[in-house]
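In what follows, a single structure is set out as structure tokens and then discussed.
The values are calculated or read from the model by the stated rules, or taken from the named source; none is laboratory data. Source: prediction; values computed, not measured. So basically every Cβ, Gly included, is an ideal-geometry build from the backbone, and we count neighbours across all protein chains shown. The accessibility values were calculated without ligands, DNA or RNA, using every heavy atom of the protein model including side chains. Shrake-Rupley method; radii C 1.70, N 1.55, O 1.52, S 1.80 Å.
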Amino acid sequence: MLDEILQWDRDAFVYLNSLGIEQYDAFWSTVTKFPPWIPLFALIIILFFIKFPKKDALAMILTILIMAYFVATVTDLTKHVVARLRPNNDEELNTLIRILRSPSGFSFFSGHASSSFSIITLTILFLRRHFKWVYLFYIWPILFAMSRVYVGVHFPIDLMVGALVGIFSAWLFYKLYGLIISPYLKSVRHV
């Protein structure tokens, strides 16, 4: 069963990667990096300060940063335990695919998917009652994750698991915020 899943994953990756068109290489090579998304992060920070008192906004942003560190740690530990080669480093695959990036390290699961989905999901959980359109922020992690197949460095399962880990981590930190941090902030206000 696992062998069949891994074979599907490899076949799906080769197919999806082969759909790449040279004219779009610059776009996907840019999308796959963090710096182009800095304006999105700035907008998120501004929205927190627009809708929440300063201490609450800072606490939410700090929660997102702590969660991002947690997700990065879990991702790195998992990569070293599973030790799955990236497609661009797999000798059976790297002659069949388009490679626009050549990171070393391991593939499972995607840090781009886990980090972006966790950050955006927690942001949405915090802001959804104030901005109905905030779900549009999911455009970032979707494009960010898709870019990893396009540039040749992640299998589809790496991205799916990374997204699930990110979403679950965001839910967990949202619950922790509600149980610990939010009550603390309320008690401090009443003192």
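Worth a mention:
- At least 3 residues being within 14 Å of the chain's Cα centre (by Cα) is the threshold, and among the helices (runs of 4 or more DSSP H) wholly inside the stretch 117-191 those reaching it are 139-150, 156-176.
- Filter result for THR63 (assigned to a helix (DSSP H, G or I) and not aromatic (Phe, Trp, Tyr)): yes
- Flag for PHE109 being open to solvent by less than 30 Å² (accessible area, probe 1.4 Å), over 27 Å from LEU58 (Cβ atoms), in contact with a helix residue (DSSP H, G or I) (Cβ under 6 Å, 6 or more places away or on another chain) and free of Cβ contacts under 8 Å to residues at least 60 places away in the same chain: yes
Condition check ((1) of a type in the set (Val, Ile, Thr); (2) over 20 Å from LEU164 (Cβ atoms)) across all residues:
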{"position": "THR95", "(1), (2)": "yes, yes"}
{"position": "LEU122", "(1), (2)": "no, no"}
{"position": "HIS130", "(1), (2)": "no, yes"}
{"position": "TRP140", "(1), (2)": "no, no"}
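- Tally of residues being farther than 26 Å from GLU22 by Cα and basic (Lys, Arg) across the stretch 83-139: 4
- The stretch 121-140, subset under 19 Å from LEU159 (Cα atoms) and touching a residue at least 24 places away in the same chain (Cβ under 8 Å), residue surrounded by the most Cβ atoms within 10 Å (Cβ to Cβ): LEU122
- Meets criteria (charged (D, E, K, R), at pLDDT 90 or above and either surrounded by 13 or more Cβ atoms within 10 Å (Cβ to Cβ) or under 30 Å from LYS186 (Cα atoms) (or both)) for ASP56: yes
- Checklist (1) more than 17 Å from the chain's Cα centre (by Cα); (2) aliphatic (A, V, I, L, M); (3) part of a helix (DSSP H, G or I); (4) surrounded by 14 or more Cβ atoms within 10 Å (Cβ to Cβ) applied to LEU93, failing item: (3)
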